[in-house]
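Take a look at the structure set out below.
The values are calculated or read from the model by the stated rules, or taken from the named source; none is laboratory data. The structure presented is a predicted model; accordingly, all values stated were derived computationally and were not measured. Cβ coordinates were reconstructed from backbone atoms using ideal geometry, including for glycine residues, and neighbour counts include every protein chain displayed. To get the accessible areas, we keep the full protein, side chains included, count just its heavy atoms, and leave off ligands, DNA and RNA. Shrake-Rupley method; radii C 1.70, N 1.55, O 1.52, S 1.80 Å.
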Amino acid sequence: MHTHYDNLKVSRDAPTEVIRAAYKSLSQKYHPDRHADSEEANRIMRLLNAAYEVLRDPERRAEHDQWIVAEEKRETDRMQRQAQAQRAAAAQAQRQAAQRQQAARQAASRPAQQARAAEPEPTDAPPFRSRKARPDRQERTRRAARERAADGPAVPLPTYGSIALYAAIGAIIIIMLGDWSGTGDVSAGSAEARPAPASAAQALARSVSPGVQLVARERGYTRPPMTPRGMPWPDHSGYLPGYPVLNGNGLSTLTVDNSGSASDVLLKLVAVDGNAPLPVRTSFVRSGSSFTMENISPGAYDLRYQSLDSGEIFRSERFDLSEIREAAGTSANRNVFKLSAVPGGMSRSVTISEREFP
């Protein structure tokens, strides 16, 4: 994270006198008069001017400090989530290793278990009996007759043919029951073929225009639930919390009219005086509303904005904001940019990539 304090090489609790002295020293070093042909020096000088404009103003400096605190908290949360993910991955790896070791032990013990299962079970009966100890055949017959008489009439066990017959009858019954059940399922399905009521998410998707839905599906885009700073989207149009408000010592105003659009917009006012575009205002403009940025310093700018429904990013043509001193006072620009009903429908705007959306 790079802050205005880093650009001026001062601490965050530096007093105004130290900030002014640091700005003066660095300005003399990188002044365009000394580096007329150096684009890098011109870029550094723009950063120094922007940092000094913020830090010398107590209110803007307080906003910048709040942004730093929010960024540090977001970075801390990110590192904590990363550490938790690493710990969870390590625990998962340990569990998988334990499972592999247990599977290996089971595989190693399986041959021994199979060998034990193949061994004959021990018996307490002696290996042989003498002929005298065996009961007489006639005695065995009489004993079996007495047991049958005590238990009632004997029921003959089914033969192999009877078993096959019973199995065939059971299979036929199962097939008939299956056909009857399938017919009942089809009838029930026909009775319940009415379309289910749409969910809240489907109702929200229908409220977005079909063209926006098609573009979003083709790009694999889903509207983000939070701002890029990890905060909830505001319920009204205005500057996004956590972003600095720069170039604020002028008289010009810029109104973004999103009253005719069906999509909320994430919008950035970008200073393009040099080679490196610098976002100076970041705002959120809800569909059906407008937002006015005030006290904008003179310079060259363009507008870059993203449709939050489709994810498309656009850039306007470059425009200049100027101030003219007259006898009755100083006149400044009062520009109005109107977004059309189609996201990206600003007149003379072009599609850009995420790399060009600083």
**OP:** Order Ile169, Ile352, most accessible first, counting only protein heavy atoms with a 1.4 angstrom probe.
**Re:** Ile169, Ile352
**OP:** Could you run the Karplus curve 6.51 cos²θ - 1.76 cosθ + 1.60 with θ = phi - 60° over region 243-258 and give me ³J(HN,Hα) per residue in whole Hz, x for Gly and Pro?
**Re:** 10, x, 10, 10, 6, x, 10, x, 10, 7, 10, 9, 10, 9, 9, 10
Subject >> Under 5 Å, built H, 5+ apart or other chain: amide partners of Asp264 >> reply: Ser287, Leu308, Asp309
**OP:** Evaluate the relative contact order of region 1-91 (contact order divided by residue number), counting alpha-carbon pairs under 8 angstrom at least 6 apart; express in whole percent.
**Re:** 28 percent
**OP:** For Leu251, list long-range residues whose amide hydrogen, built 1.01 Å from N in the peptide plane, is under 5 Å from its own amide hydrogen.
**Re:** Ile296
Original post:
Of all GluC sites (Glu not before Pro) in region 262-358, which ones are in loop regions per DSSP and have a Cβ with at most 13 other Cβ atoms within 10 Å?
Top reply: Glu317
Original post:
Taking a 1.4 Å probe, which of Lys9, Lys24 shows the most accessible area, and what order do the others take after it?
Top reply: Lys9, Lys24
Original post:
Under a 1.4 Å probe, what is the accessible area of region 226-316 per residue, stated in Å²?
Top reply: 33 Å²
Original post:
Residues with amide H under 5 Å of Ser237's amide H, sequence separation 5 or more or different chain, H placed in the peptide plane at 1.01 Å from N; which?
Top reply: Arg286
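May I ask for the Rg/Rh ratio of region 4-106, computed from Cα atoms with Rh as the Kirkwood radius, given to two decimals?
Dividing the radius of gyration by the Kirkwood radius yields 1.40.
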Original post:
Quick one: net charge of Arg61's neighbours, Cβ under 12 Å, K/R +1, D/E -1?
Top reply: -3
Original post:
Full extension from Ser27 to Ala93: what is 0.36 nm times the residue separation minus their Cα-Cα distance, to one decimal in nm?
Top reply: 18.2 nm
Subject >> Proximal lysines to Lys9, defined as alpha-carbon separation beneath 30 angstrom and excluding residues fewer than eight positions away on the same chain >> reply: Lys24, Lys29, Lys73, Lys268
